[in-house]
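K.L.:
I am attaching a structure below and will ask some questions about it afterwards.
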Amino acid sequence: MNSACSSDVIIAEGAIKQLNSILEGYQRPLIVSDVMIFDKYGPTIEELVDADVVWSISPNYTKGMISRYPGVDIILGFGGGKSIDLAKLFAKEGNLEWISIPTAASHDGISSDVASVMHNSYRYSQKCKQSKVILADLDIISTAPRILTLSGIGDIISKTSSLAEWRLANEHAGENLDESIYETVNNSLEAVLEDNSLEILVRSIIDTGNAMTCFGSSRPCSGTEHAISHAMDRRMQSLHGLQVAFATPLSLYFLEQVGYSKYNAHKIHSFLKDHEMPATLQDLDMTESILLDDIHHALEIMDKRGRYSVLKHCNASDEDIRSALRDIGY
Ligand SMILES: [Zn+2]
């Protein structure tokens with residue numbers, strides 16, 4: 001991938017040991033983390049790093065907050081998506097470099113330049129800058145709760161529909177498509193479908209995050225299934241990867257009808273069930289009407305972003321969507 005838009009990526013067991021050399025030349029790194037990670041790894045980091053480390057533990061973020069940490073010269077996001085998103089925001093505000101140290105492979109935000117910010121119980125995306133380094137220690141990531149890994153698999157599975165819809169949107173609505181970015185994301189998807197080892201998942205998640213940065217928008221990795229998940233955020237806060245995976249078979253169902261999907265909606269739905277990911281309305285404590293409302297909202301989100309939805313392409317009525325949901329087995 002184009003190195004101008006990709007971070008340096010280190011994926012290895014014990015990768016954290018390289019942190020001191022990565023931080024060479026910096027005097028005062030600020031590490032954004034959470035209590036659990038700090039308790040578990042704080043002493044190790046303090047021992048590893050020679051510089052004057054400052055910690056920001058689960059900060060209640062407000063705009064301009066970086067000014068509370070004078071003299072800080074680089075930001076590290078060490079933890080799950082939340083800590084990494086906050087690190088992105090701090091780096092943007094302070095115009096500083098930042099390093100991503102994910103403790104779970106839960107979604108492709110660990111490597112993208114976009115932070116997901118909650119505002120008025122609604123999640124929106126804030127463009128930040130690309131990280132200088134992504135340091136993925138497989139020993140650390142392997143201790144993450146299984147559910148976070150499943151979320152990461154879910155975010156990759158959603159590429160079955162985001163890629164197909166991107167192609168459709170390119171051919172029918174003139175949306176920009178880059179073949180090499182398409183290939184990168186598709187390779188990540190195929191790699192995870194073939195081999196569910198942690199190392200492959202981490203690599204794929206990082207590659208898809210970088211692909212979005214290189215393309216300059218989330219379009220390659222985010223279609224109607226992501227918009228539905230964003231609409232669902234209004235009422236629930238399940239894991240991103242699980243929500244987008246949940247909505248993926250529905251998008252695929254319509255993409256298949258117009259000949260754009262390589263993947264079968266029923267098969268991907270079974271994949272979710274086999275991996276004990278939420279796959280039915282009951283699993284997410286929803287009704288058909290609530291989901292329909294989310295889908296309507298999702299279509300507004302797609303419109304607002306100037307993105308062409310497969311549901312719009314198929315002119316899908318509520319009745320079409322209801323019957324698709326029943327046919328797939330939601
Ligand atoms: Zn995603």
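The values are calculated or read from the model by the stated rules, or taken from the named source; none is laboratory data. The structure displayed is predicted, hence computed values, not measured ones. All Cβ positions, glycine included, derive from the backbone under ideal geometry; neighbour counts span all protein chains shown.
K.L.:
Taking the stretch 212-221 as the search range and keeping residues that are within 12 Å of the ligand (Cβ to nearest atom) and at pLDDT below 95, which one is nearest to Thr287 (Cα to Cα)?
P.N.:
Ser218
K.L.:
Taking only pairs six or more apart or across chains, which ones have beta-carbon atoms under 7 Å, a first residue in the stretch 151-171 that is in the same structural domain as Lys273 (by TED's automatic domain parsing), and a second residue that is among the charged types (D, E, K, R) and within 13 Å of the ligand (Cβ to nearest atom)?
P.N.:
Once the first residue is in the same structural domain as Lys273 (by TED's automatic domain parsing) and sits in the stretch 151-171, its partners that are among the charged types (D, E, K, R) and within 13 Å of the ligand (Cβ to nearest atom) give Asp155/Asp108; Ser158/Glu225; Ser161/Glu225; Ser162/Glu225; Trp166/Arg219.
K.L.:
Could you figure out which of (1) within 16 Å of the ligand (Cβ to nearest atom); (2) of a type outside the set (Ser, Thr, Tyr); (3) out of contact with any Phe, Trp or Tyr (no Cβ under 9 Å at 6 or more places or on another chain) isn't true of Ala164?
P.N.:
Among (1) within 16 Å of the ligand (Cβ to nearest atom); (2) of a type outside the set (Ser, Thr, Tyr); (3) out of contact with any Phe, Trp or Tyr (no Cβ under 9 Å at 6 or more places or on another chain), the lone unmet condition for Ala164 is (3).
K.L.:
Can you name the number of the only condition in (1) part of a loop (DSSP other than H, G, I, E, B); (2) more than 16 Å from the ligand (Cβ to nearest atom); (3) in contact with a helix residue (DSSP H, G or I) (Cβ under 8 Å, 6 or more places away or on another chain) that Pro278 fails?
P.N.:
(2)
K.L.:
Now, a different point. Could you check Ala136 against (1) buried (at least 24 other Cβ atoms within 10 Å of the Cβ); (2) assigned by TED's automatic domain parsing to the domain that holds Arg219 and say which number it fails?
P.N.:
(2)
K.L.:
Which condition number in (1) assigned to a loop (DSSP other than H, G, I, E, B); (2) under 17 Å from the mean Cα position of the chain (by Cα) is the one that Val244 fails?
P.N.:
Val244 satisfies every listed condition except (1).
K.L.:
Output the number of the condition that Leu177 fails; it satisfies all remaining conditions of (1) in a helix (DSSP H, G or I); (2) modelled with pLDDT of 95 or more.
P.N.:
Failed condition: (1).
K.L.:
Looking at the stretch 82-100, can you tell me whether even one residue there is within 26 Å of Arg203 (Cβ to Cβ), surrounded by 20 or more Cβ atoms within 10 Å (Cβ to Cβ), among the small types (Gly, Ala, Ser) and out of contact with any Phe, Trp or Tyr (no Cβ under 7 Å at 6 or more places or on another chain)?
P.N.:
Within the stretch 82-100 (the criterion being within 26 Å of Arg203 (Cβ to Cβ), surrounded by 20 or more Cβ atoms within 10 Å (Cβ to Cβ), among the small types (Gly, Ala, Ser) and out of contact with any Phe, Trp or Tyr (no Cβ under 7 Å at 6 or more places or on another chain)), the answer is yes, since at least one residue qualifies.
K.L.:
Follow-up question, since we're still on this one. Looking at the stretch 135-161 only, could you name the residues that are of a type outside the set (Val, Ile, Thr) and within 16 Å of the ligand (Cβ to nearest atom)? Full working, then the answer.
P.N.:
Quick first cut of the stretch 135-161, residues of a type outside the set (Val, Ile, Thr) only: 135-139, 142, 144-146, 148, 150-152, 154-155, 158-159, 161.
Listed by number, the residues that qualify are Leu148, Leu150, Ser151, Gly152, Gly154, Asp155, Ser158, Lys159, Ser161.
K.L.:
Only one of Ser270, Ser261 is outside any helix (DSSP H, G or I), more than 16 Å from the ligand (Cβ to nearest atom) and of a type in the set (Gly, Ala, Ser). Can you tell me which? Spell out the reasoning first.
P.N.:
On the way: Ser270 fails: outside any helix (DSSP H, G or I).
None of the other options fit; the residue is Ser261.
K.L.:
Inside the stretch 101-114, can you point out the residues that are surrounded by fewer than 24 Cβ atoms within 10 Å (Cβ to Cβ) and within 11 Å of the ligand (Cβ to nearest atom)?
P.N.:
Answer for the stretch 101-114, where residues must be surrounded by fewer than 24 Cβ atoms within 10 Å (Cβ to Cβ) and within 11 Å of the ligand (Cβ to nearest atom): just Val114.
K.L.:
Output yes when any residue across the stretch 123-134 is hydrophobic (A, V, I, L, M, F, W, C), out of contact with any helix residue (DSSP H, G or I) (no Cβ under 8 Å at 6 or more places or on another chain) and more than 16 Å from the ligand (Cβ to nearest atom), and no when none is. Don't jump to the end; show me each part of the working.
P.N.:
Filtering the stretch 123-134 for residues hydrophobic (A, V, I, L, M, F, W, C) gives 128, 133-134.
From what's left, out of contact with any helix residue (DSSP H, G or I) (no Cβ under 8 Å at 6 or more places or on another chain): none.
No, the stretch 123-134 has no match at all.
K.L.:
Still on this structure, I have one more. Could you go through the stretch 222-236 and let me know if any residue there is more than 10 Å from the ligand (Cβ to nearest atom), without any contact (Cβ under 8 Å) to a residue 24 or more places away in the chain and either farther than 14 Å from His296 by Cα or of a type outside the set (Ser, Thr, Tyr) (or both).
P.N.:
No, because not a single residue in the stretch 222-236 is more than 10 Å from the ligand (Cβ to nearest atom), without any contact (Cβ under 8 Å) to a residue 24 or more places away in the chain and either farther than 14 Å from His296 by Cα or of a type outside the set (Ser, Thr, Tyr) (or both).
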